[in-house]
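See below for the structure under consideration.
The values are calculated or read from the model by the stated rules, or taken from the named source; none is laboratory data. Predicted, not measured: the structure shown is a model, and the values here were computed from it. Neighbour counts run over all protein chains shown; Cβ positions are idealised from the backbone, glycine included.
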Amino acid sequence: MIKDDSKQSRRLQVKKNVTIYDIAREAGVSASMVSRVVSGNGVVSEKNRIMVQEIVDKYKFKPNAIARGLQKSQTGLIGFVIPYVGTEYFSTVYYEFERLASEKGYMIILYNGKNDLAVESRILRTLEEARVEAVIIMGGRVDWVNLEEEAKDEIRALNEIIPCILCSEQAQDFGCIGVHSDDRLGCELAVKYIAEQGYKTMGILGGTDESYPSYNKKKYLLEKAKKYNIEIRKEWIIGKSFSEDDGAESMRKLLERKELPEIVFCINDHVAFGAQCEAQDAGLKVPDDIKFIGADGVRASTMARPAITTVAIDYKQYAQTLFDAMMAAMEGKEFCRISRIPPYLIERDSTKKRLMPKKHGR
């Protein structure tokens, strides 16, 4: 049944530009549901489809009216969703992005998704209701390996009415523009460096196979290790998370093995920091007894002693590409659907003693 609101209905009848939000308000549903009905994409119950379609037909609302409606309701607001505000990787990208957006007069609404599907869903609905002009999503569900289609549909539907830019290799699965670090290249740089230093054995610590970033990194590392004839034994691949605590715990398990690899690649710098500290607490000397490489190039890699060699990214370049992709999507301009940010390797004392850091791969 159509919601009985005769006054609102009369107001819409005389309104020249009925928007998707007007339709949603009269139907008592979300704008994303209206979008799914109008476009014919996504899952909608038959009851809601009929109810929304009756209102759409009443106002002769057309699919291309979605874009016009959004253009008429510019708010200057951008939604930014990250899983953990306190994680330096995410917060650094956000900081650089916010700086660019502020220079152009945009305000950012930052949300902590907590890597929780229900929390993320509430955030997406809130951003839709706030009529933000674009949504940036880093981590969380967009990186989950076993994500149900219904959870993907939430982002697909939102992207039909509000441009969504995903910082994920999996962006195309959601029908969105994607910007992410080129992890395949990063793994190539790391393993090539290891081979050039003459090392023959390598371990991998941190991460989980339930997350695409760490799952893909492990896959790429195994590919490159085979290419450069580096041995990676199954018992040297340990991890379940991305924190310093996980690095320490993973290192403790590695120390229980009968033989250690010469060098350990850690999924990120926090894992590397925790693993290196644990190795030192166990009496090993770095880099004499074992060596460590991290990833992301955050401060944790410079705070360790010795400082940790890392596969870093240019956060300013990352943020600029992300901002350019967002602006192109908002303005309906052509832009690369997937942009990969090239990493580079910074050599430090955790792998080879040098007086000054040395950069590779740029």
Quick one: would you say Val44 is modelled with pLDDT of 70 or more, under 26 Å from Glu148 (Cβ atoms) and either assigned by TED's automatic domain parsing to the domain that holds Val132 or not in a helix (DSSP H, G or I) (or both)?
-> yes
Only one of these is touching a Cys at 6+ places or on another chain (Cβ under 7 Å), touching a residue at least 24 places away in the same chain (Cβ under 8 Å) and buried (at least 24 other Cβ atoms within 10 Å of the Cβ): Ala248, Ala272, Ala279. Name it.
-> Ala272
Considering only segment 74-114, state which residues are part of a loop (DSSP other than H, G, I, E, B), farther than 21 Å from Phe273 by Cβ and touching a helix residue (DSSP H, G or I) at 6+ places or on another chain (Cβ under 7 Å).
-> Gly113
So which of Ile293, Ile313, Ile338 is touching a Gly at 6+ places or on another chain (Cβ under 7 Å) and closer than 21 Å to Val191 by Cβ?
-> Ile313
If a residue has to be surrounded by fewer than 19 Cβ atoms within 10 Å (Cβ to Cβ) and modelled with pLDDT of 75 or more to count, how many in segment 1-33 make the cut?
-> 2
Give the residue that is nearest to Val179 (Cα to Cα), with candidates limited to residues of segment 115-146 that are part of a loop (DSSP other than H, G, I, E, B) and of a type outside the set (S, T, N, Q).
-> Gly139
Answer with yes or no whether Arg36 is at pLDDT 80 or above, outside the structural domain of Glu154 (by TED's automatic domain parsing), among the charged types (D, E, K, R) and assigned to a helix (DSSP H, G or I).
-> no
Quick check: is even one residue across segment 312-331 within 21 Å of the chain's Cα centre (by Cα) and more than 30 Å from Gln172 (Cβ to Cβ)?
-> no
Hey, can you tell me all the residues within segment 165-176 that are within 12 Å of the chain's Cα centre (by Cα) and touching a residue at least 40 places away in the same chain (Cβ under 8 Å)?
-> Ile165, Cys167, Ser168, Glu169, Gln170, Ala171
Restricting attention to segment 307-320, report how many residues are β-branched (Val, Ile, Thr) and surrounded by fewer than 20 Cβ atoms within 10 Å (Cβ to Cβ).
-> 0
Residues being closer than 18 Å to Phe242 by Cβ and out of contact with any Lys or Arg (no Cβ under 8 Å at 6 or more places or on another chain): count how many of those fall in segment 300-317.
-> 7
All positions within segment 173-187 that are of a type outside the set (S, T, N, Q) and within 25 Å of Gly274 (Cβ to Cβ) | His180, Asp183, Gly186, Cys187
Identify, from the list Leu185, Leu158, Leu100, the residue that is touching a residue at least 60 places away in the same chain (Cβ under 8 Å) and in contact with a Pro (Cβ under 7 Å, 6 or more places away or on another chain).
-> Leu185
Give segment 205-239 a look and list any residue that's on the phi > 0 side of the Ramachandran plot and over 18 Å from the mean Cα position of the chain (by Cα), or say none.
-> Asn229, Gly239
Exactly one of Asp296, Asp289, Asp281 is of a type in the set (Asp, Glu) and under 18 Å from the mean Cα position of the chain (by Cα), and that one is Asp296
In segment 159-188, which residues are farther than 12 Å from Arg337 by Cα, crowded, with 21+ Cβ neighbours inside 10 Å and either among the basic types (Lys, Arg) or in contact with a Lys or Arg (Cβ under 9 Å, 6 or more places away or on another chain) (or both)?
-> Glu160, Ile162, Ser181, Asp183, Gly186, Cys187, Glu188
Within segment 75-91, restricting attention to residues that are over 15 Å from Ile109 (Cα atoms) and more than 13 Å from the chain's Cα centre (by Cα), which residue is surrounded by the most Cβ atoms within 10 Å (Cβ to Cβ)?
-> Glu88
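Per-residue answers, yes or no, for (1) assigned to a helix (DSSP H, G or I); (2) more than 17 Å from Arg252 (Cβ to Cβ); (3) not assigned by TED's automatic domain parsing to the domain that holds Leu221:
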{"position": "Gly274", "(1), (2), (3)": "yes, no, no"}
{"position": "Cys277", "(1), (2), (3)": "yes, no, no"}
{"position": "Gln280", "(1), (2), (3)": "yes, no, no"}
{"position": "Gly283", "(1), (2), (3)": "no, no, no"}
{"position": "Pro287", "(1), (2), (3)": "no, yes, no"}
{"position": "Gly294", "(1), (2), (3)": "no, yes, no"}
{"position": "Val298", "(1), (2), (3)": "no, yes, no"}
{"position": "Thr302", "(1), (2), (3)": "yes, yes, no"}
Across segment 98-139, which residue is modelled with the lowest pLDDT among those that are crowded, with 16+ Cβ neighbours inside 10 Å and on the phi > 0 side of the Ramachandran plot?
-> Arg131
